[in-house]
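Input: a single structure, listed below in structure tokens.
The values are calculated or read from the model by the stated rules, or taken from the named source; none is laboratory data. These figures come from a predicted structure and were not determined experimentally. Please note: Cβ atoms are built from the backbone with ideal geometry, for glycine as well, and neighbour counts cover all protein chains shown.
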Amino acid sequence: MRHLKRMRPSPALVVAFIALFVAGAGTATAARLISGKQIRNNSVTGTDIRNNSVTGTDIRNNSLGNRDVKNGSLLLRDFKSGQVPAGPQGRAGRNGFGALLYVSKDFTVGASAAAGQGTTPCPTGTYPTGGDAYVTDTMGKVIDDTLLQGQFFTFDTQSGNTPNGWRAFTAANTAANDPGAKVLVVEAICANASFRPTVILQTRQRSPDRRALPARR
């Protein structure tokens, strides 16, 4: 009996044998030997856990709260489709436009008549960004437009002088410039806008090569 007592291993030797056994048997054996009950609460920190070793199955449902997630760390891809509600509709842009319309009207200049004139208004909700005018004969052929005297924006004086169309006028249709009936074509380029545009009035000069183009009816 005394001989057996002298051969009793010390606590340090027991710990060394357990460590050797765990190292040789692998982590699966360690998992069976050590349970959550044997680990003191709050004793395991982030430095004790290998990166990317904890997955969703290791975390109990509804166990994480707002305090466990760092602000700004979640992205849209971290949420399922439909979990993140859409935000409110933003205000319409101030300087953009989504519609660009080309509006044209014909005005007859009678034979041996006084000066002709005509205005092409922009549709409601749009504003003129520019325009053009030219003269054709009654068959639609663009002719020498020496009759054309000027063209410019028109303004709605009832709504704070907001631009609303394009206007042109001719000289008197007399014998000096072929008194036959003619057609004044006035075109307006209109765009929608969410604000009242500001227009700088400027006299436009027609390009000579425009006279070679077919009439737009």
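If you check ALA113, ALA86, which single one turns out to be more than 37 Å from the chain's Cα centre (by Cα) and assigned to a loop (DSSP other than H, G, I, E, B)?
Numbers: ALA86 fails: more than 37 Å from the chain's Cα centre (by Cα).
Result: ALA113 is the single residue among ALA113, ALA86 that is more than 37 Å from the chain's Cα centre (by Cα) and assigned to a loop (DSSP other than H, G, I, E, B).
All but one of (1) more than 30 Å from ASN192 (Cβ to Cβ); (2) surrounded by 12 or more Cβ atoms within 10 Å (Cβ to Cβ) hold for LYS141; which doesn't?
The one condition LYS141 does not meet is (2).
Here are ARG60, ARG40, ARG94, ARG50: which of them is in contact with a Phe, Trp or Tyr (Cβ under 9 Å, 6 or more places away or on another chain), modelled with pLDDT under 80 and assigned to a loop (DSSP other than H, G, I, E, B)?
Of ARG60, ARG40, ARG94, ARG50, the one residue that is in contact with a Phe, Trp or Tyr (Cβ under 9 Å, 6 or more places away or on another chain), modelled with pLDDT under 80 and assigned to a loop (DSSP other than H, G, I, E, B) is ARG94.
Inside the stretch 139-155, can you point out the residues that are under 34 Å from the mean Cα position of the chain (by Cα) and modelled with pLDDT under 90?
none
If we scan the stretch 118-135, do we find a residue that is closer than 30 Å to ALA168 by Cβ, more than 39 Å from the chain's Cα centre (by Cα), part of a strand (DSSP E or B) and free of Cβ contacts under 8 Å to residues at least 60 places away in the same chain?
Yes, the conditions are met somewhere in the stretch 118-135.
Being among the hydroxyl-bearing types (Ser, Thr, Tyr) and more than 31 Å from the chain's Cα centre (by Cα) is the filter here, so list the residues in the stretch 160-176 that pass it.
Within the stretch 160-176, THR170, THR174 meet the criteria.
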